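The values are calculated or read from the model by the stated rules, or taken from the named source; none is laboratory data. Keep in mind that what you see is a predicted model, and the values were worked out from it rather than measured. Quick reminder, even Gly has a Cβ in these numbers, built from the backbone with ideal geometry, and neighbours come from all protein chains shown. We work out accessible area using only protein heavy atoms, side chains counted, and drop any ligands, DNA or RNA first. Shrake-Rupley method; radii C 1.70, N 1.55, O 1.52, S 1.80 Å.
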Amino acid sequence: MRLRFLGSLSEAGACPSLYETDRGTIVVQGMAVTDPDARADLRHVLEGETAVEVPRELLTEIARRLLP
């Protein structure tokens, strides 16, 4: 799988960041959600999966750039 950087709201271009894959999926780079109460709200987390917090503004900015 190959990744193409889509963007970040960080001034340094660090996380959270979004990437598009050559498989038509999106990869999220960010800090894992570790708060026990928040993790308890997650559903159906499989082994090897985690949750990453992303600002709403990052998602809307990338969607604005990618969608016609």
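Tell me, yes or no, whether segment 10-21 has at least one residue that is in a helix (DSSP H, G or I) and exposed (fewer than 10 other Cβ atoms within 10 Å of the Cβ). Outline the logic, then answer.
In the first step, residues of segment 10-21 are kept if they are in a helix (DSSP H, G or I); the result is none.
There is no residue in segment 10-21 that is in a helix (DSSP H, G or I) and exposed (fewer than 10 other Cβ atoms within 10 Å of the Cβ).
Would you please name the residue that is least open to solvent (accessible area, probe 1.4 Å), looking only at residues in segment 35-60 that are among the hydrophobic types (A, V, I, L, M, F, W, C) and under 10 Å from the mean Cα position of the chain (by Cα)? Here the answer is L58. Taking segment 4-27 on its own, how many of its residues are among the acidic types (D, E) and within 15 Å of V52 (Cβ to Cβ)? Qualifying residue count for the region: 0. The set of residues in segment 1-26 being over 14 Å from A63 (Cα atoms) and either polar (S, T, N, Q) or in contact with a Leu (Cβ under 7 Å, 6 or more places away or on another chain) (or both) consists of S10, P16, T21. Within segment 43-58, the residues that satisfy the criterion of being part of a loop (DSSP other than H, G, I, E, B) and acidic (D, E) are E47, E49, E53. Taking the criterion of being within 14 Å of the chain's Cα centre (by Cα) and open to solvent by less than 80 Å² (accessible area, probe 1.4 Å), the residues of segment 22-34 that qualify are T25, V27, V28, Q29, G30, A32, V33.
Of the numbered criteria (1) touching a residue at least 24 places away in the same chain (Cβ under 8 Å); (2) touching a strand residue (DSSP E or B) at 6+ places or on another chain (Cβ under 6 Å); (3) of a type outside the set (K, R), the one M1 fails is (1).
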